[in-house]
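What follows is a short report on a single structure.
The values are calculated or read from the model by the stated rules, or taken from the named source; none is laboratory data. Keep in mind it's a predicted model, so treat the numbers as computed, not measured. Heads up, the Cβs are rebuilt from the backbone with ideal geometry, glycines too, and the neighbour counts pull from every protein chain shown. All accessible areas refer to the heavy atoms of the entire protein, side chains included, with ligands and DNA or RNA removed. Shrake-Rupley method; radii C 1.70, N 1.55, O 1.52, S 1.80 Å.
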Amino acid sequence: MSTALLLAIATASIVILLLLVIKAKVHPFVALLIVSLIVAISTGIPADKIMETIFSGMGNLLGHITIIIVLGAMLGAVIEASGGAESLAQRFSKSLGIKRTVAALTMAAFILGIPVFFEVGFIIVIPLIYGFTKVARVSPLKFGLPMAGVMLTVHVALPTHPGAAAAAGILHTDMGWLMMLGILISIPVGIVGYYVAKVMNLRQYHLSVDVLEQLQLAKPEGTPKSEVPPPGAMTIAGLIVVPIVLIVLGTLAHTMLAEGSILRDVMTVIGNPPIALLIALALAAWLLGVRRGWSKEKLEDLTGRAIPGSASVILVAGAGGAFGKVLVESGVGKALAVTLETLHLPLVPAAFILSLALRASQGSATVAILTTSGLLSQAVGDVTDMQRVLVTLAACFGGLGLSHVNDAGFWVVTRYLGLSVADGLKTWTVLTTLMGLSGFALTWLVWGMI
């Protein structure tokens, strides 16, 4: 099949998806499955491989995020029911004020994003976002957009994460310089994201009913309040930090301790994100629940009621993974890469545009970065070590932009923040693209200075 036809099918499939979700009001899960089938059939994927491809794309993604999302939702439900998130938010808001609180949480999200994968980190901070939202009586986008933006920035740009680390290996980039320059450039990119999100929040967006209920903005009058005082702010902060610390220790143990060491094995297990969240949930159940007089039945009810709310996020994200897999298997990404390669652009713009286009076409930032690195591996043979670092960063920032309907992260962010698909494209997609462009501009500026 010709490159032009493949690209036309991919474009048409995204347009159809948006029409189904926005105009026809089809549930995103169903709409994603429909367009996945359309693309698979139109691009000639064998009939007996179509559902296998869809199952593979959905299964691979769900295997990665299901446990994390469910445990994160349960942890959030326990913290929210205890009043702890609001207690923490009140303390911070009183000390800093709302404007400085948003900036402080955005900086905290930047640091959190360095060792922790984007989806994991975002789910961990959701209880905080909801708690601060209720205290400040503002939209969750006020806190959520800049926090998610900076977390995704460090996820794609720093070699503590798979995309940048693997790209460094493919392009033979110095890991230390990549880390240092990645942090130095990511800081102003994060500042750009903070101010872009601030401008976006001048407008009011309609929130989903699920998120409004979660925030208790529509809570009926006369609802009885708990007589037990809320837990201290430091207790809640500690519970949020526990899984982060465990994940960091697990990563350090895996890289610094000798293979076969018992301590390394133990830390690797408890530092795995699902296990770290399970430990945090157990601590929250004890500290916020049992120790404060909650019955076992109440805890079971709270954690059980968290599952239906997370199911929608899981299913839609899984269907997004299926759509992305079908686009990969159809050859759309390769066709796009070949088309861009023929333009013979300078290295830094070529790396950024290739990665950005691949990100837009198949959804995964990591796949976009790795594919771009592979395509450019021969072209960087004659550049200096520092230039090689900058080419790698350009590819990474390309993977930051154009997060949209074929990206599981798009659905996680928009669902938890209560955005419709249309508003998600106007906010999250635009935010990630502007941050990616700013990262590219800074990278190219440094290229011109060396």
Across region 319-331, in residue order, what do the Karplus-derived ³J(HN,Hα) couplings come to in whole Hz, using 6.51 cos²θ - 1.76 cosθ + 1.60 with θ = phi - 60° and x for Gly and Pro?
5, x, x, 5, 4, x, 5, 4, 5, 5, 5, 6, x
Within straight-line cross-link reach of Lys142, aspartates and glutamates at Cα separation under 15 Å, skipping those fewer than 8 residues along the same chain:
Asp423
Which residue, Ala136, Ala167, Ala357, tops the fluctuation ranking in a GNM of the chain built on C-alpha contacts under 10 Å?
Ala136
Using +1 at the C-beta of Lys and Arg and -1 at the C-beta of Asp and Glu, which of Ala168, Ile126, Ala148 has the Cα lying farthest in the positive direction of the dipole of region 92-195?
Ile126
Part-to-part distance (alpha-carbon centres) for region 119-193 and region 61-91, which is given in Å:
19
For the chain, with every protein chain kept in place, what is the accessible area per residue (1.4 Å probe, Å²)?
43
Over 31 Å between Cα atoms, which of Lys49/Lys426; Lys25/Lys49; Lys334/Lys426; Lys23/Lys325 qualify?
Lys49/Lys426
Shape call for region 3-106 from the C-alpha gyration tensor, a ≥ b ≥ c root eigenvalues: rounded (a/c under 1.5), prolate (a/b greater than b/c) or oblate?
prolate
HN-Hα couplings for region 347-354 via Karplus (6.51, -1.76, 1.60; θ = phi - 60°), in whole Hz with x for Gly/Pro, come out as 4, 5, x, 4, 5, 5, 5, 4
Report, in debye and to the nearest 20, how large the dipole of the chain comes out about its Cα centre when Lys and Arg carry +1 and Asp and Glu carry -1 on their Cβ.
1240
Report the rotationally averaged projected area of region 105-208 based on its alpha-carbon convex hull, in square nanometres.
6.9
Kirkwood Rh and Cα Rg combined as Rg over Rh, evaluated for region 84-160
0.98
Which Rg and Dmax, in Å, describe the Cα atoms of region 342-450?
14.7, 48
Prolate/oblate/rounded call for region 1-60, Cα gyration tensor, a/c under 1.5 rounded:
oblate
Of Ile183, Ile262, Ile50, the most mobile residue in a GNM of the chain (C-alpha springs, cutoff 10 Å) is Ile262
If the cut-off is 25 Å between C-alpha atoms, which lysines fall inside it for Lys298, apart from same-chain ones fewer than 8 positions away?
Lys134, Lys219, Lys225
Any aspartates and glutamates whose Cα falls less than 18 Å from that of Lys99, other than same-chain ones fewer than 8 residues away, would be Glu86
In whole Å and largest first, what semi-axes does the C-alpha gyration tensor of the chain yield when each eigenvalue is scaled by 5 and square-rooted?
36, 26, 21
